[in-house]
1. Looking only at the range 711-751, which residues have a backbone nitrogen under 16 Å from a spot 7 Å from the Cα of Thr502 in the C-beta direction?
2. Take the alpha carbon atoms of the range 435-573, find their radius of gyration, then divide it by 2.2 N^0.38 Å using N residues; give the quotient.
3. Over the Cα atoms of the range 212-329, what Rg and Dmax result, in angstrom?
4. Which value in Å does the Kirkwood hydrodynamic radius of the range 354-477 take, with 1/r averaged over all unlike C-alpha pairs and then inverted?
5. In whole angstrom, and with the biggest value first, how far do the Cα coordinates of the range 617-743 range along each principal axis?
6. Filter Lys414/Lys655; Lys659/Lys687; Lys160/Lys238; Lys248/Lys275 down to the pairs with a C-alpha to C-alpha distance above 20 Å, please.
7. If you wrap a convex hull around the Cα atoms of the range 148-226, how much volume per residue is inside, in Å³?
8. Could the peptides 717-724, 84-91 be put in order, highest first, of the mean number of other beta-carbon atoms found within 10 Å of their residues?
Amino acid sequence: MSWYHKHKRNIAAAMGVCVAVGSIAGFTGCGKEAVSSSKSDENGKKSSEEKAMGRYLEEELAVPEGCSQIIAMELMENETMRLVYFTEDGVQVSDSKDRGKTWEAPKSMRELAKADDSLEFGSSVALAKDGGIFTTFLEMQDEENYVLHYFYISPTGEAKELDLNEAVGGYVFSCSFSDKGNLLLSSGDGVKEINPQDGSIVHTYDAGSMVTIFDTVGSRLISVVDTEIHYYDMETGKPLEEEEVLTKEISSNPDNLQMTGVGINNLLFIDGDEKDSLFYVSHDGIYRYAFGGSVVEQVADGKLNSLSSPDIAFTAMVRDKDGAFYLAVSDVSQSDPVGRICKYVYSKDTPAVPDTELTVYSLTDDDFLRQAAAAFQKKYPDIYLNLETGMTGEDAVTETDALKALNTEIMAGKGPDILLMDGIAADTYIEKGMLEDLSGILKDADILENIIEPYKDGEGKIYQMPVKFGIPYIQGKKEYVDAISDLTSMADTIESHKEEYTKDMLPFVSSYSPYMLLKGLSAVNMSAWVNEDGTLNQAAVQEFLEQTNRIYQSAKAPAEEQLAAFGVTAEEMEEANEVRNLYSEYGAVFSQFGVGGLSLISESNILGTGGIYSPSDLRSIYSVEQQGDGISGKLWNGQTKDAFIPQKIVGISAKSSEKEAAEQFVGYLFSDEGQRVSTTSGLPVRKSVYEDVSYWMGNAKEGDVTSVTSSYNNQTGESVDLSIIQPGESVIKEMQELGKTLTAPVKENRMILSAVLDAGASYIKGEISVEEAVEKAASQVNLYLSE
C-alpha cells in the first residue's frame, strides 16, 4: 500500500442589502483603458462601441517534483513561498525564492517535527508568515482509536511537542496562524485560539459548534457554522456586527459555504490591499471587500479561468507585493486528486471581456462541460464561453419546454453555437440541416475507428460526435455471469435461482421496485426500442418489459420483506433517491459501475450492471473480482450487442455566427489536452490517450491500494472491507481491447425512456397488461413525435 493512500485510510478512521458586483482594477494601480470594439447586435450586425481593458490572466506554476496533493501554502515575510505537500514518501516541505518558478530540495515534515516513525501524519498543517510550522501526527491504537500529537516548529527550526489534547478536545480539521503568531484550531468544538509557546487558550470562538470554514483577516476572524457567517474581533474574542453586504454576496451561492474535505474548501479569505479590507475566492471568482462597505467588487471573473471548474477545491491563497494572487487547489477531475498552483496576474492590455463569445448549450448542467470550458478559456483567453442550460431544476421547465425553446432560438438565428447532444434526439436536427459537418475538424483527431465510424453518413459526413464513451459491464457470481448473454438469458438465470434469494441477498441493488429495476436494466436495451424512423419498436419494448418482469417477480417477496424491515415503501425509496428524476445524480440511467462493487463483496446482491467510464471504475471491478468469492465480469449485452455508451456528444449549430471559434472549441475537446480534462466523465475517444497506460494508472503503481471502503454482510453481520487496488498493464490492455470491439452506440432518448419506464412499472405492478403497457408507451411517444 502506498504511503499516501495508507495515510488517507488512517484519516478516515480518525474523523469519526443591494450588492454591486463589478470589475475592479484600481486597487492594483491599474486603470481601465477604452478602445474601439465590434459587437454583434440582436440582428447579428456589428456595431462599434468602447471596450474596457484589463483583467487577470491565469497561469499554472510548477509544483515540486513528486507532489501529489498540496496541504498548505504561504508567502512568508521575506516573499519566500512555502509549500507542504504529499508525496509517495510522506509529507514534504519545500521553499521557492522566486514565487513558484523553482523549488528548493524538500525536507521531510516528520524529520522537521522530530516525530516518531510509528506516528502517522494527521493531515493538519499551518504555516506562519515568520516561518513557523504547526502540524499533527496520529498514534493509531487500533483501526478506530487514536491519540493525537501536536508539534510546533519555530522559524529557526526548533521542534517541540505541544500538550494540547485537553485544550483542543478532538481531531483538528483546520488550522492557521494569526498575525500575532497564535494558533487557531478547529476540532468540532468551535475554534480555539492558542498560544503555541505554552499551549494556553487565548480565546474560543463558536464554542460547541462545528466550524466548517474559518480564516483570519488582520484582527478579525471569519467563520462558517452550518450556513451562517460569523465575524469576531480577535483582540477581545467578542462577536462583531454582521457584514450584511459581504454575507449576502457570499451566501448567494450556497456551495460557497460547504466544506469539501479536510483542508480544502470552496471559499477562502485573505488580507486585503488596505487596512480593514479583504479578498476572498470562490468558484465565482476573486472578490474584494472593505469592512463596513456597501459593495463587493469582483477582481477576477471565475468564468474566464479555471476557478469556475466544479472539480477544483481550494487549499490556500496568498497575494504578493505586486498584486498577483497564488491559489493552491486540489484537482479531483482525475482518478487521483492532483495539487496545482494557479497564478493570477493583472494584464492591462487584455480586454476585460473577450472579443469572441461562444454559447454552449446543454439540456442540464454538466460538470464536464464546466471543466472543459474552464480549461479552454485558460488556454484561449480571447474567447468567452457562455454555458447555457435548458433545465436548471429551479423552475418548472420540462424537457419538452426546453427543447421547444431551443428549436425556436435556433430557427431565429439566435441559438447556441455548440450543443451538447446528450438527452437530445439528434436525428431531427441532422435531417433539417441544423448541424454542421464535423468531419474536417475530426480528420486528424485520431479517434478510435469503432467509435467514429457509426457517426458517419453515406458521404462520410459527421454531424455529432461523443467526446467520451463508456463500456457496458456485468459483474457478479461467476455461474450467473457465465450463463448470461442477453436480457432473456439473464431472466432465465435469475428465475432459476429464485429459491436462493432472501431479504439480505437480492439479485440487484435495484430489485426493490419495478421502476428502479426497469431503469437499471434500460441502459444497453433502449437502442432496440427505436425504429429508424424514430417510432417505437413495440416488439422490442414488449420483450424488455416481459423479461424485466420475470426478473422482478423472482425476488419480489424478499425485496418487499427488506423494505418492510427498512420501514419504507418502494415509492418512498424512489423519492428519497430521486430515482424518477432522469437528470439527477442518482437518477442517471448510465450508472458508474464502481458504485455497486461493495454490495457484491458483502453478498447483498448477486449481480451488478453499469458502465465503465474511468480508470477508477476499472480499479473497482478489478478489485471486486480479485477479492470477491467467485466473482467475475464481462461485457454486458442486453437487447443490443457490442454496444458502447456515448458520453458528451457535441455538435455545432449550422446557424452559429462564430463558426471558426466553435470549431476551435470542438477541436480542443478532441485534442490530447482536451481528452485529459477529466478522467471521471467517460473514457477518451482519442486513440493515443485511450491507449496511454499512464492515463489509466494515474499517480498509482500496480498493486497500490488507492482507497478502502467498508460495509457489512447482512447475513453474518460481519464487517467487510474492499481495498481498491490499481491493476497492472495487462489488465488495462485487456479492457482497452474490449472497448475497441464495440461498434453500436447506445441511442438515448429520454422522452421515450420515460414513457417506457412509466408504462412498464404499471405493468409489473399488475395494474395493466403488457400489451396495454406497450400501447400506452407508444401513444406517449407518438404524441411526442407529433410535437
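1. 712-719
2. Dividing the Cα radius of gyration by 2.2 N^0.38 Å gives 1.39.
3. 13.4, 41
4. 16.6
5. 64, 38, 27
6. In this structure, Lys659/Lys687; Lys160/Lys238; Lys248/Lys275 lie more than 20 Å apart at Cα.
7. Given the Cα convex hull of the range 148-226, per-residue volume reads 86 Å³.
8. 84-91, 717-724
Quick note: the coordinates plus some simple rules give every number you see, no bench work behind them. A quick note: this is a predicted structure, and the numbers were derived from the prediction, not measured. Virtual Cβ from ideal backbone geometry, glycine too; neighbours counted across all protein chains shown.
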